[in-house]
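Before any comments, here is the structure.
The values are calculated or read from the model by the stated rules, or taken from the named source; none is laboratory data. This is a predicted model, so every value here is computed, not measured. No Cβ is skipped: glycine too gets one built from the backbone with ideal geometry, and neighbour counts run over all protein chains shown. Protein only, heavy atoms only, side chains kept; ligands, DNA and RNA dropped before computing areas. Shrake-Rupley method; radii C 1.70, N 1.55, O 1.52, S 1.80 Å.
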Amino acid sequence: GGYAKFNNAFEQGGAACTKQLVEDITDVPINHVIVVDFNGFKQMVDAMGGVEVCLENPVDDAESKLRLPAGTSTVSGEQALAFVRARKSLGDGSDIGRIQRQQAFLSAAIRKATDTQLLLNPARVYEMIDVATRSLTVSSGLDGLSPMRTLTDSVRAVKPADVTFVTLPFTYRSDLANVDIDSVAATPILAAIRNDTPYPPPATVAVDGKKLTVAPADISVRVVDRSGGKVDIDAVE
């Protein structure tokens, strides 16, 4: 026993040890595991035709070999891998910052798949599945074209707006470098995952003593000025 960083679980015990660690920490059962190595990541991004990223400032990182101008770029292969792995030359240089950038990259990848109608194109789907079966290491039950096709079909209706990326709340240790999960703040997030319910939960309002649940995205406000004058609208939450 003892304290170690999260990635040590994979280094010492592979996917099985990491799966057990996640279940122990979160109390969320894991049915299947998919491992993407560096080459697999590059091949998956290439099969999509690259992913668009945007930087506020140019970056030239000799260590990660990441060289991108400010503004929008489409990255694939080595550049895509360097973008999600680089740390010191981007953001605040922390692992937390890198996690946020990886989430942004995955969000862009989802948008790319949706914009190109990749999941609605059988030829492209099979191309992606072929790349996946060669690039990914999967647990028993997901191996082969048929299970992967079933998994792909199951997410056809998922839109970018339906996907929420969340970083578990954390607190810094006294060294101000390492972090611990804030178990109290993380409780509602993990409960939503365990119970397969939305997070953040939909807004609720009381109408005649009864709770009415309305998703924020479904709420619209119409402002009408009958006097013909100027209307100032403050933020509505």
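Quick look at the values:
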| quantity | calculated |
| --- | --- |
| Pairs, first under 18 Å from ILE30 (Cα atoms) in the stretch 1-16, second of a type outside the set (Val, Ile, Thr) and assigned to a loop (DSSP other than H, G, I, E, B), C-beta under 9 Å, six or more apart | ALA15/SER139 |
| Qualifying positions in the stretch 115-157 - within 20 Å of the chain's Cα centre (by Cα) and in contact (Cβ under 8 Å) with a residue 40 or more places away in the chain | THR116, LEU118, MET128, ALA132, SER135, LEU136, THR137, VAL138 |
| Leading residue by the ranking (nearest to the chain's Cα centre (by Cα)) among those in the stretch 56-82 that are surrounded by 15 or more Cβ atoms within 10 Å (Cβ to Cβ) and either at pLDDT below 90 or assigned to a strand (DSSP E or B) (or both) | VAL75 |
| Out of GLY40, GLY14, sole residue that is within 15 Å of VAL138 (Cα to Cα), of a type in the set (Gly, Ala, Ser), at pLDDT 90 or above and in a helix (DSSP H, G or I) | GLY14 |
| Residue in the stretch 93-108 that is touching a Ser or Thr at 6+ places or on another chain (Cβ under 8 Å) and of a type in the set (Gly, Ala, Ser) present | no |
| Which numbered condition GLY77 fails, given (1) under 23 Å from SER139 (Cβ atoms); (2) in contact (Cβ under 8 Å) with a residue 24 or more places away in the chain; (3) out of contact with any Ser or Thr (no Cβ under 8 Å at 6 or more places or on another chain) | (1) |
| Residue pairs meeting the criteria (Cβ under 6 Å; at least 6 apart or on separate chains; first hydroxyl-bearing (Ser, Thr, Tyr), in the stretch 85-114; second surrounded by 15 or more Cβ atoms within 10 Å (Cβ to Cβ)) | SER89/VAL59; SER89/ASP61 |
| Selection status of LEU106, open to solvent by less than 30 Å² (accessible area, probe 1.4 Å) and at negative phi | no |
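Table: residues versus (1) modelled with pLDDT of 80 or more; (2) among the charged types (D, E, K, R); (3) in contact with a Leu (Cβ under 8 Å, 6 or more places away or on another chain).
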position	(1), (2), (3)
MET128	no, no, yes
PRO160	yes, no, no
ASP180	yes, yes, no
THR204	no, no, yes
